[in-house]
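Below you'll find the structure, written out as structure tokens, and then a few comments.
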Amino acid sequence: MTTTAPAPTGDERTSRSPLSRLQHLLHARATIGPAVVLLIAIVVFALLSERFLQPANISLILQQVAVVGTLAVGQTVVILTAGIDLSCGAIMVLTSIVMAKVAAETGLPGLPALLLGFVLGTVCGLVNGLLVTRLALPPFIVTLGTLNVFFALNLWYSESATIRGGDMPSLLLWTGETFSVGTTRITHGSVIMVLLVAAMAFVLTNTSWGRHVYATGDDPEASRLSGIRTTRVLLSVYATAGAIYALGAWILIGRIASASPQAGQFENLDSITAVVIGGTSLFGGRGAIVGSLIGALIVGVFRNGLALAGVDVLWQTFAVGVLIIAAVSIDQWIRKVKP
């Protein structure tokens, strides 16, 4: 016979040490820690450089974060199921090349070219999902392999040539266009990223599919026994992530005003960094989309602020590495929380 530990009483909660209360708070609200880190980083870099909070620099940070933030949304959904997707950058670049090259060489209008990219991204995601579910292969190994496959296909199809923005329909470049908010220029791609974060946050917290994603990541066997079709959930997760990476490809084209077979191929690491720093557990079942956006902003702010402070690129990378180790260490500490 099993017994359930009694819930802590009010006296027990008040008797906790400040560190224990902080641990419980971070366990219940995973985005609080990253939000505080982001706020501190903004204050510190604003004090180090008067250029940091200037509208032009804020616009630059948002443009730089738009691509990584979008990929981080798809990556978050995968990591919530205790998986990982190393191929997200390769899928993004492949879809950007296909969209741009088909439109440039055949005269295909922008909307069909864009839809073709979304179909391709979804198919690439399904390939990952099928390999993970049908062959029972670890997501790390699967996506490490498809990273190389998709990137090789990208180089083969593009012939290692960049497609110029002038050869594409204007719709494919639309995400790079800007509008003014006060004295700050904001790209359409940045707005799309924010809307995507809001939509996926709603889906994950207010739909049965979202609850199944969390349950599958927390305990797949218990979820299966409770009636959740975990295989279908995983397939839908990887397919959804693939479609989101295609959206990132559209934003990438607008960001660089071209489609390059070499652009963004290492964004997979930055997306994982954003998700981990944003408080999503690599072990699945805990995290939030908003946290991943905050994580992407932290990476963008750190790199931009350190560059303005005259710090060498080598040490910028070093700082991001330290952030990753600290975030994972904190996650391990939070997971040890006791009721």
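The values are calculated or read from the model by the stated rules, or taken from the named source; none is laboratory data. Fair warning: this is a prediction, and the values are worked out from it, not measured in the lab. All Cβ positions, glycine included, derive from the backbone under ideal geometry; neighbour counts span all protein chains shown. Surface areas here come from the heavy atoms of the whole protein model, side chains and all, with no ligands, DNA or RNA. Shrake-Rupley method; radii C 1.70, N 1.55, O 1.52, S 1.80 Å.
Brief remarks on what is shown
- Surface share of carbon and sulfur [accessible, 1.4 angstrom probe, percent] for the chain: 67
- Applying both filters, DSSP loop and at most 14 other Cβ atoms within 10 Å, to the GluC sites (Glu not before Pro) of region 86-192 gives 159, 177.
- When the Cα gyration tensor is reduced to axis lengths a ≥ b ≥ c, the ratio a/c is 1.5 or higher for the chain, and with a/b not above b/c it is classed as oblate.
- Over the residues of the chain, the helix contribution to mean residue ellipticity at 222 nm works out to -24000 deg cm²/dmol, using -39500 (n - 2.57) for each DSSP H run of at least 4.
- Three-way shape label, region 106-163, alpha-carbon gyration tensor, a/c 1.5: oblate
- Placing unit charges on each Cβ (+1 for Lys and Arg, -1 for Asp and Glu) gives region 165-282 a dipole about its Cα centre, and among 205, 272, 190 the Cα reaching farthest toward its positive end belongs to 205.
- Cα-based shape type of region 44-101, given that a ≥ b ≥ c are square roots of the gyration tensor eigenvalues and the cut on a/c is 1.5: oblate
- Relative contact order (percent, whole number), the chain, Cα cutoff 8 Å, 6+ residue spacing: 33
- Each semi-axis of the equivalent ellipsoid for region 121-199 is √(5λ) with λ an eigenvalue of the Cα gyration tensor; in descending order they amount to 33, 21, 10 Å.
- Rolling a 1.4 Å probe over the heavy atoms of the protein chains gives region 153-276 an accessible area of 46 Å² per residue.
- Placing unit charges on the Cβ atoms only, positive for Lys and Arg and negative for Asp and Glu, gives the chain a dipole magnitude near 680 debye about its Cα centre.
- Assigned charges on the beta-carbon of Lys, Arg, Asp, Glu; region 54-199 dipole about Cα centre (debye): 140
- Taking 7 Å steps out from each Cα toward its Cβ at residue 191 and residue 167 produces label points 3.0 nm apart.
- Modelled label positions at residue 180 and residue 17, each set 7 Å beyond Cα in the direction of Cβ, lie 5.6 nm from each other.
- Summary: within the chain, the longest segment free of chymotrypsin sites (Phe, Trp or Tyr not before Pro) located in DSSP loops with at most 14 other C-beta atoms within 10 Å is 1-265.
- For region 72-147, accessible area per residue (1.4 Å probe, heavy atoms of protein chains only), Å²: 33
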